Amino acid sequence: MRRIAVLTSGGDAPGMNPCVRAVVRKSLYHGLEIVGVRRGFHGLVTGDFMEMKSRTVGDILQRGGTILKSARSDEFKTEEGRAKALLQIRTCEIDAVVGIGGDGTFRGLHLLSQMGLPTVAIPATIDNDIGSTEYAIGFDTACNNVLDAINKIRDTATSHERTYVIEVMGRNSGHIALAAGLAGGAESILIPEIEYDIQQVCTRIIDGARQGKSHSIVIVAEGASGAPPVSSGGTLTEGAAYRVGQQIAHITGFETRIIVLGHIQRGGAPSVRDRILATMFGAKAIDVLLAGEGSAVLGMFQNEVRAISFEEALSMKRPINMDYYELSNILSNL
Ligand code: F6P
C-alpha cells in the first residue's frame with residue numbers, strides 16, 4: 001500500500017470535508033501518498049486526479065459540501081466505463097480507493113473491489129438510510145438545519161394561529177422527518193415507510209385547536225405516500241407538502257401554509273457529531289487498508305467504528321425508529 005485515492009460521490013453531505021481531511025492527513029502521517037478524485041466516479045473514469053497535501057485540506061473542516069465535488073456517472077455504470085476507470089487507477093499507480101457517499105456510492109465501490117482493487121466505503125448521506133451504520137455523515141447536521149427552520153416557523157405559526165406543513169428531504173426514507181419531527185414537537189410526521197390517514201392528521205389538528213393549541217406543525221418527508229390528492233381549487237399543486245397542505249386546508253378549513261426546505265437542509269457547517277464521525281471514519285479507512293484486510297464498509301455501531309464486508313453491509317436494512325414515531329404521536333397530541 002503506497003498510494004491511495006479518495007473520492008466523494010452521490011448527494012453531498014455536511015461532514016464530507018472533515019472526512020476527506022482525515023483520510024488525507026492520516027495517509028500522510030503513515031507516509032502514504034494520497035490522490036483526490038474530482039467529481040466521484042466520473043473523475044475515476046476520466047482520470048481527474050489531484051495530489052493531496054496537508055495544506056490542500058486546510059481550512060475545510062468547517063465547510064459543508066465537498067471540496068472534491070460530486071457528480072453522477074452513467075459511464076461508470078457500464079462495464080467499459082469501469083474498465084476505463086481501472087486503467088486510470090493503474091496508470092496513476094493507485095493501490096486502493098476510499099469512497100465517501102451513500103448506497104449508490106457503496107454499490108460502485110463494491111464493483112471496483114470485485115475487479116481486484118481494495119476499496120473502503122464510508123457512509124455519508126443526510127438520509128441516514130444505510131443499513132450497515134447507525135449514523136451516516138451529514139444526518140445530524142441536516143436534522144439540526146430542519147430543527148432550526150421549525151423553531152423559526154413556530155414563531156409565525158403561533159402568532160398567526162396557522163397550520164404549517166413542512167416538507168423535508170427523504171425520497172425513500174423518513175429518518176430526517178422522524179428525528180426532526182420528534183425533536184421539534186410536530187403534531188404529525190408523515191414518512192414513506194408508514195401509510196398515513198389524512199383524516200387522522202386533520203382530527204389531531206382540529207382537536208389541538210379545541211384544546212387551545214395556537215398552531216400545528218406537520219412534517220412530511222418528500223417521499224411520503226398516502227391517499228390521492230384532494231383538489232381544493234387552490235394553487236398548491238406539486239410535491240408531498242403541497243398535496244398534504246391542500247388536503248389539510250380542505251378538510252380542516254384552517255389557514256394552512258406549506259414550506260419546502262429543500263437543499264437548505266444539506267448545506268452549512270457540519271455539527272460536532274458529524275465532524276467527529278467523519279474524522280473517525282476517515283482515520284479508520286486508512287487503518288483498514290494498512291492492516292491489509294482488503295475491501296470493507298465502515299459503520300458506526302454503539303459508538304464504535306467497525307469494518308464489515310461489502311456482502312454483509314449491502315444485505316443490511318435500516319428500519320425506522322418506531323419509538324420515535326410513537327412517542328412523537330403521544331407527546332405532541334395531549
Ligand atoms: O440522498 C440525499 C437527498 O438529499 C435525498 O434526501 C433527496 O431526495 C435527494 O438527495 C435529492 O437529490 P438531488 O440533490 O439530486 O436533487
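The values are calculated or read from the model by the stated rules, or taken from the named source; none is laboratory data. Just so you know, these numbers come straight off a predicted model, no measurement behind them. Cβ sites come from the backbone with ideal geometry, for glycine too, and all protein chains shown count toward neighbours. To get the accessible areas, we keep the full protein, side chains included, count just its heavy atoms, and leave off ligands, DNA and RNA. Shrake-Rupley method; radii C 1.70, N 1.55, O 1.52, S 1.80 Å.
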Applying the selection to segment 101-135, what residues are buried (at least 24 other Cβ atoms within 10 Å of the Cβ), assigned to a loop (DSSP other than H, G, I, E, B) and more than 10 Å from the ligand (Cβ to nearest atom)?
ILE130, SER132, THR133
Output the residue which, of all residues in segment 268-298 that are more than 20 Å from ASP103 (Cα to Cα) and within 16 Å of the ligand (Cβ to nearest atom), is least open to solvent (accessible area, probe 1.4 Å).
PRO270
Segment 146-168 residues that are in a helix (DSSP H, G or I), paired with ones that are among the hydroxyl-bearing types (Ser, Thr, Tyr) (beta carbon under 6 Å, 6 or more apart):
ILE153/TYR164; ALA157/TYR164; THR158/SER214
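Residue by residue, here is whether (1) in the same structural domain as ILE166 (by TED's automatic domain parsing); (2) more than 29 Å from GLN114 (Cα to Cα) holds:
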residue	(1), (2)
GLY245	yes, yes
ILE251	yes, yes
VAL260	yes, yes
ARG275	no, yes
MET280	no, no
ALA307	no, no
TYR325	no, yes
Is it the case, given these coordinates, that GLY43 is open to solvent by less than 30 Å² (accessible area, probe 1.4 Å), within 24 Å of PRO270 (Cβ to Cβ) and in a helix (DSSP H, G or I)?
yes
Residue under evaluation ASP95, criteria (1) touching a residue at least 60 places away in the same chain (Cβ under 8 Å); (2) open to solvent by less than 50 Å² (accessible area, probe 1.4 Å), criterion not met:
(2)
Output the residues belonging to segment 189-218 that are without any contact (Cβ under 8 Å) to a residue 60 or more places away in the chain and either of a type in the set (Lys, Arg) or within 21 Å of ASP127 (Cβ to Cβ) (or both).
LEU190, PRO192, GLU195, TYR196, ARG210, LYS213, VAL218
Condition met for ALA186 (surrounded by 16 or more Cβ atoms within 10 Å (Cβ to Cβ), away from the ligand (no atom under 15 Å from the Cβ) and either in a loop (DSSP other than H, G, I, E, B) or without any contact (Cβ under 8 Å) to a residue 60 or more places away in the chain (or both))
yes
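Just checking, how many residues over segment 154-176 are in contact with a helix residue (DSSP H, G or I) (Cβ under 9 Å, 6 or more places away or on another chain) and either more than 10 Å from the ligand (Cβ to nearest atom) or open to solvent by 30 Å² or more (accessible area, probe 1.4 Å) (or both)? Lay out the reasoning, then the answer.
First pass over segment 154-176, keeping only residues in contact with a helix residue (DSSP H, G or I) (Cβ under 9 Å, 6 or more places away or on another chain): 154, 161-170, 174-176.
Still in the running and either more than 10 Å from the ligand (Cβ to nearest atom) or open to solvent by 30 Å² or more (accessible area, probe 1.4 Å) (or both): 154, 161-167, 174.
Residues in segment 154-176 being in contact with a helix residue (DSSP H, G or I) (Cβ under 9 Å, 6 or more places away or on another chain) and either more than 10 Å from the ligand (Cβ to nearest atom) or open to solvent by 30 Å² or more (accessible area, probe 1.4 Å) (or both): 9 in total.
Residues of segment 67-97 being part of a loop (DSSP other than H, G, I, E, B), out of contact with any Gly (no Cβ under 9 Å at 6 or more places or on another chain) and within 21 Å of CYS19 (Cα to Cα), which ones? Walk me through it before giving the result.
Going through segment 67-97, the residues part of a loop (DSSP other than H, G, I, E, B) turn out to be 67-74, 78, 92-95.
Then drop every residue that is not out of contact with any Gly (no Cβ under 9 Å at 6 or more places or on another chain), which leaves 78, 93-95.
Passing the criteria: ILE94, ASP95.
Of all residues in segment 189-207, count the ones that are open to solvent by less than 30 Å² (accessible area, probe 1.4 Å) and under 15 Å from SER328 (Cα atoms).
In the first step, residues of segment 189-207 are kept if they are open to solvent by less than 30 Å² (accessible area, probe 1.4 Å); the result is 189-191, 196, 198, 201-202, 205.
With the extra rule that they be under 15 Å from SER328 (Cα atoms), the set shrinks to 189-191, 196, 201, 205.
Summing the residues that are open to solvent by less than 30 Å² (accessible area, probe 1.4 Å) and under 15 Å from SER328 (Cα atoms) in segment 189-207 gives 6.
Which fully enclosed strands (runs of 3 or more DSSP E) of segment 248-322 have 1 or more residues being free of Cβ contacts under 8 Å to residues at least 60 places away in the same chain? Reasoning before the result, please.
Details: elements: 256-260, 296-301, 304-308.
It comes to 304-308.
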Sole miss for SER9 among (1) over 14 Å from VAL120 (Cβ atoms); (2) within 16 Å of the ligand (Cβ to nearest atom) is condition (1)
In segment 22-40, residue farthest from the ligand (Cβ to nearest atom) [restricted to those that are crowded, with 24+ Cβ neighbours inside 10 Å and under 19 Å from VAL305 (Cα atoms)]:
SER27
Residues being in a helix (DSSP H, G or I) and within 24 Å of the chain's Cα centre (by Cα) - total across segment 46-65
1
Matching residues in segment 92-111 - criterion: being among the charged types (D, E, K, R) and farther than 18 Å from ASP74 by Cα:
GLU93, ASP95
